[in-house]
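The values are calculated or read from the model by the stated rules, or taken from the named source; none is laboratory data. In this text the structure is predicted, and so the values were computed from the model without any measurement. No Cβ is skipped: glycine too gets one built from the backbone with ideal geometry, and neighbour counts run over all protein chains shown. Areas reflect the complete protein model, heavy atoms only, side chains present, ligands, DNA and RNA absent. Shrake-Rupley method; radii C 1.70, N 1.55, O 1.52, S 1.80 Å.
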Amino acid sequence: MVLYWQSKYAIEARSEVCGPEHIGEEYDWIFKQNSSDFNKIRKFSESEFFYSNPNGPVNKQPRLNPLIAVCYGGIARSFVSPIVYKSTKHFLLDRLSTNTHVIATVKLQADQGKSKESEEQYRFDPFAASDRENVEIALSYLNPTISHIMNANEATRLEYGTCKLDSSKDPFNLFSRDEKWSRRFLEPMKDLWNCMKQVEYLEESNNIRFEAIIKARTDSAWLRPLGVSARRLLEERGNHISTIWDHFIFAPRKGAEIFSRFWDRYSECNTTIWDGPYSPEAAFEAYSKEIGMLYIGTDDFPTALKRRSSSTVNSAHICEIQKCVEKEECMNIVYKDEKEN
């Protein structure tokens with residue numbers, strides 16, 4: 001069971017992490033343009049409209065801009081929508097640290113969705129395969145340190161032992177149904193493992209060490225600029241993992257093993273049935289406990305997944321998960337392109 005903030009401090013912190021209130025036309029400008037005027041965007045990102053200095057108050061603390069690695073990946077889905085990749089760049093990456101490095105793996109393959117699920121929170125409409133040129137445009141906007149675009153017919157290689165997912169161990173009978181569903185679980189976990197190998201490579205080859213690793217999704221829109229920097233998050237939440245479901249996870253480097261431990265174990269399993277976690281969230285929480293760090297669910301990160309349309313059955317539910325903006329405003333931000341087209 002995921003733990004949640006329950007203190008007065010958490011309530012006070014929430015307003016800060018959530019970032020500023022909606023600030024009108026200047027705020028909207030990013031999402032109305034094709035962003036050919038990069039100088040204007042850069043000027044805006046440094047302007048007084050932002051909540052505070054992205055690096056927090058200058059108080060002689062070391063590492064005002066800590067080294068941060070962002071494992072950014074998955075099926076493209078809504079990644080090519082400007083609200084997704086532009087808000088990720090300006091409201092997340094630019095706010096964390098000037099030393100933020102994106103390690104991206106984006107897949108062009110179609111996503112069949114989960115339209116037949118009985119539980120509404122698991123349902124979403126399918127996406128067609130993404131166009132490479134559009135994904136390249138979106139990805140280049142993030143200026144990744146390492147990036148890889150996988151073709152529509154290309155799948156993550158899954159080399160593992162004799163273990164199989166089994167319904168008797170799967171509490172929701174979700175990813176153990178068949179090979180297709182198993183891959184929906186196993187491929188992202190292998191992709192995260194690959195990302196951590198890239199992190200280790202960058203650290204070893206450059207004699208550095210990242211101070212935090214972040215997991216972010218290619219279909220997440222950011223509703224407001226993040227209200228605190230990575231330095232502040234490390235100072236105030238440096239002894240636990242902060243997460244809003246699997247939409248965004250902030251892990252101090254000492255806790256980042258949660259991203260690789262599943263595949264380390266699954267790939268070497270030599271029994272018949274896998275006896276470990278059966279979902280990404282369950283894996284991250286279980287391994288956080290193993291390494292002695294709390295895995296704390298929070299609703300104070302201003303992000304929401306962008307589904308195919310606002311009419312998708314769980315679009316509104318996703319906007320209710322976060323508590324930074326009202327559901328209606330969240331829907332207006334994430335699906336504003338529907339009104340403009």
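Which residue out of Asp166, Asp170 is closer than 19 Å to Phe284 by Cα and touching a residue at least 60 places away in the same chain (Cβ under 8 Å)?
Asp170
Exactly one of (1) under 30 Å from Glu329 (Cβ atoms); (2) part of a helix (DSSP H, G or I) is unmet by Ala216. Its number?
Every condition holds for Ala216 apart from (2).
Evaluate the range 71-80: report whether one residue or more is modelled with pLDDT under 60 and open to solvent by 50 Å² or more (accessible area, probe 1.4 Å).
No.
Here is a check on your reading of the model: is Ser220 in contact (Cβ under 8 Å) with a residue 40 or more places away in the chain, among the hydroxyl-bearing types (Ser, Thr, Tyr) and surrounded by fewer than 23 Cβ atoms within 10 Å (Cβ to Cβ)?
No: the conditions fail for Ser220.
Can you work out which of the residues in the range 106-131 that are surrounded by 18 or more Cβ atoms within 10 Å (Cβ to Cβ) and aromatic (Phe, Trp, Tyr) is modelled with the lowest pLDDT?
For the range 106-131, the residue satisfying everything is Phe124.
What is the one condition in (1) open to solvent by 10 Å² or more (accessible area, probe 1.4 Å); (2) at pLDDT below 95; (3) assigned to a loop (DSSP other than H, G, I, E, B) that Lys339 does not satisfy?
Condition not satisfied by Lys339: (3).
Suppose we filter Ala256, Ala230 for residues that are at pLDDT 95 or above, touching a strand residue (DSSP E or B) at 6+ places or on another chain (Cβ under 6 Å) and among the aliphatic types (A, V, I, L, M); which single one remains?
Going through Ala256, Ala230 in turn, just one is at pLDDT 95 or above, touching a strand residue (DSSP E or B) at 6+ places or on another chain (Cβ under 6 Å) and among the aliphatic types (A, V, I, L, M): Ala256.
What residue, of Met189, Met196, is in a helix (DSSP H, G or I), in contact with a Pro (Cβ under 8 Å, 6 or more places away or on another chain) and over 30 Å from Val325 (Cα atoms)?
Numbers: Met196 fails: in contact with a Pro (Cβ under 8 Å, 6 or more places away or on another chain).
None of the others qualify; the one that does is Met189.
Can you report the number of residues in the range 148-186 which are open to solvent by 70 Å² or more (accessible area, probe 1.4 Å) and outside any loop (DSSP other than H, G, I, E, B)?
Summing the residues that are open to solvent by 70 Å² or more (accessible area, probe 1.4 Å) and outside any loop (DSSP other than H, G, I, E, B) in the range 148-186 gives 4.
Among Gly297, Gly292, which is the only one that is under 23 Å from Arg231 (Cα atoms), modelled with pLDDT of 90 or more and not hydroxyl-bearing (Ser, Thr, Tyr)?
Result: Gly292 is the single residue among Gly297, Gly292 that is under 23 Å from Arg231 (Cα atoms), modelled with pLDDT of 90 or more and not hydroxyl-bearing (Ser, Thr, Tyr).
Kindly provide the set of residues from the range 279-302 that are surrounded by 21 or more Cβ atoms within 10 Å (Cβ to Cβ) and either of a type in the set (Phe, Trp, Tyr) or on the phi > 0 side of the Ramachandran plot (or both), ordered by number.
Hits for the range 279-302 are Phe284, Tyr287, Tyr295, Phe301.
Being surrounded by fewer than 23 Cβ atoms within 10 Å (Cβ to Cβ) and among the aromatic types (Phe, Trp, Tyr) is the filter; apply it to the range 235-253 and report the residue that is modelled with the lowest pLDDT.
That would be Trp245.
Can you say whether Arg232 is touching a Gly at 6+ places or on another chain (Cβ under 7 Å) and open to solvent by 10 Å² or more (accessible area, probe 1.4 Å), as far as the supplied structure shows? Write out each step before concluding.
Values: touching a Gly at 6+ places or on another chain (Cβ under 7 Å): yes; open to solvent by 10 Å² or more (accessible area, probe 1.4 Å): yes.
Here the answer is yes, as Arg232 does meet what is asked.
So which residues in the range 198-221 are touching a helix residue (DSSP H, G or I) at 6+ places or on another chain (Cβ under 7 Å) and among the acidic types (Asp, Glu), if there are any at all?
Listed by number, the residues that qualify are Glu211, Asp219.
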